[in-house]
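Only one structure is covered here, and it is reproduced in the block below.
The values are calculated or read from the model by the stated rules, or taken from the named source; none is laboratory data. Since we're looking at a predicted model, the values are computed, not measured. Using ideal geometry, Cβ is built from the backbone for each residue, glycine included, and neighbour counts are taken over all protein chains shown. Accessible surface areas use protein heavy atoms only, side chains included; no ligands, DNA or RNA. Shrake-Rupley method; radii C 1.70, N 1.55, O 1.52, S 1.80 Å.
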Amino acid sequence: MFKVRAITEDQHDLTFECSPSEDVISAGLKRDVILLASCREGGCATCKAEIVDGDYELGGCSVQALPPDEEEAGVVLLCRTFPRSDLVLQLPYTFDRISFHKVNTDWQGEIVAVERISSNVARLQIEPKDPETGAAISIPFVPGQYVDIEIPGSSVSRSYSMATTSTQSRLDFLIRLLPDGQFSNFLTMAAKPGLTVKLRGPFGAFNLRENGFRPRYFVAGGTGLSPVLSMIRYMQQEQHPQEAKLFFGVTHQHELFYLEELKKLEESMPNFSAHVAVMQPDGNWQGSRGTVVDDLLKHLEGTKAAPDIYMCGPPGMIDATFAAAANYGVPKDHVYVEKFLATGQNQAAE
């Protein structure tokens, strides 16, 4: 047996044993140490961590969840990490995110509303219910997390981020409609108010960090708006003092949504501003033309303090944002990301 020492973002640590034939997540579960994880198949990046010391063997995993450059730098997915010596891990979240007892991750929900809000985006609203009494309940989650939603009568589920906060009784999801996508077909042809769905979660380590009064920039492509909107709404709810800027972009003007909601947030939050960009706008578009990263660059150029950057969207947007941050001296550990991944893996905002 080897010893695994895990150090959290707030410098707490814990130790548990792990055999050479066990992955780190499974070893923790056996010993009632519940580290953040979701798919446990190397596809979702929820259990990402850095190996500070020790030897290990890494099993197969998605290159989208663990890009080669991160793997070379000692970053791993703990559900695919098998120790070959004692290990020291650096976890990208705080100690309070770790559970030491079995937690409920299975829930039931009732669809309250489903509506198309742009040419390729639907809003799905679900009210969690107590399976025994049918009474409305709240699912505790951290802004930025996601749940798995199962299509009724099937074993097919997809992962979507909440756009609301945990204090709201109903969960809102902003879901991109894909041609012939199984969940997209469910939304457009079968989903209706009153229908019961199974939920599993919450999962994910994409969440706000407490880094003093550093500005917070949020970058969202399409339905990547979901998790960052939950974070911004949480900032509003808790009256956070940090300056916050949202950079939200789509390809075509007919894909825009939630502009009124963003305007209301601007009016109610004195330190918040929303910047919307369209790559290929119609002639009547009065806003920014180009990519969401083009807008971000303009604001990074004039910033006096390097911000924390939270981003969710397609890989191209993510890569361009990392490059922009590096060019303007934003440290990599100030940048937090949730990527869109392929169907069947974590696609938390897609």
- Within region 205-225, whose backbone N sits under 14 Å from a point 7 Å along Cα→Cβ of Ala305? 210-217
- Message: As a test question: what accessible area, to the nearest 10 Å², does Ser154 have when a 1.4 Å probe is rolled over all protein chains in place?
- Response: 40 Å²
- Message: With a 1.4 Å probe and all protein chains left in place, how much accessible area per residue does the chain have, in Å²?
- Response: 44 Å²
- Calculated FRET efficiency for the pair Lys198/Asp86, C-beta based, R₀ 56 Å, to 0.05: 0.90
- Message: Taking only complete DSSP H runs, can you tell me which helices of the chain stretch 24 Å or more along their own long axis by Cα positions and average at least -1.0 on the Kyte-Doolittle scale?
- Response: none
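Across every pair of different alpha-carbon atoms, what Kirkwood hydrodynamic radius in Å does the chain reach?
21.0 Å
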- Note on the structure: Here the equivalent ellipsoid of region 132-229, derived from its Cα gyration tensor, has semi-axes (largest first, whole Å) of 26, 18, 11
- Message: For a quick check: with amide H placed at 1.01 Å from N, whose amide H comes under 5 Å from Tyr336's, ignoring anything fewer than 5 positions away on the same chain?
- Response: Ile309, Tyr310, Met311
- Carbon + sulfur, % of accessible area of region 214-337 - ligands and nucleic acids excluded, 1.4 Å: 48 percent
- Query: Kirkwood-based Rg over Rh for region 214-337 (C-alpha set), two decimals?
  - Reply: 0.94
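Using a 1.4 Å probe on the protein chains only, how many percent of the accessible area of region 1-95 belongs to carbon and sulfur?
Percent of accessible area from carbon and sulfur atoms in region 1-95: 47.
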- A student asked for the Cα radius of gyration and Dmax of region 65-194 in angstrom ought to give 18.3, 53
- Considering only protein heavy atoms, what is the solvent-accessible area of Lys298 at a probe of 1.4 Å, reported in Å² to the nearest 10? 130 Å²
- Task: Could I get the Rg over Rh figure for region 1-95? Both from C-alpha atoms, Rh via Kirkwood, rounded to two places.
- Result: 0.92
- In terms of solvent-accessible area of protein heavy atoms at a 1.4 angstrom probe, what is the ranking of His334, His299, highest value first? His299, His334
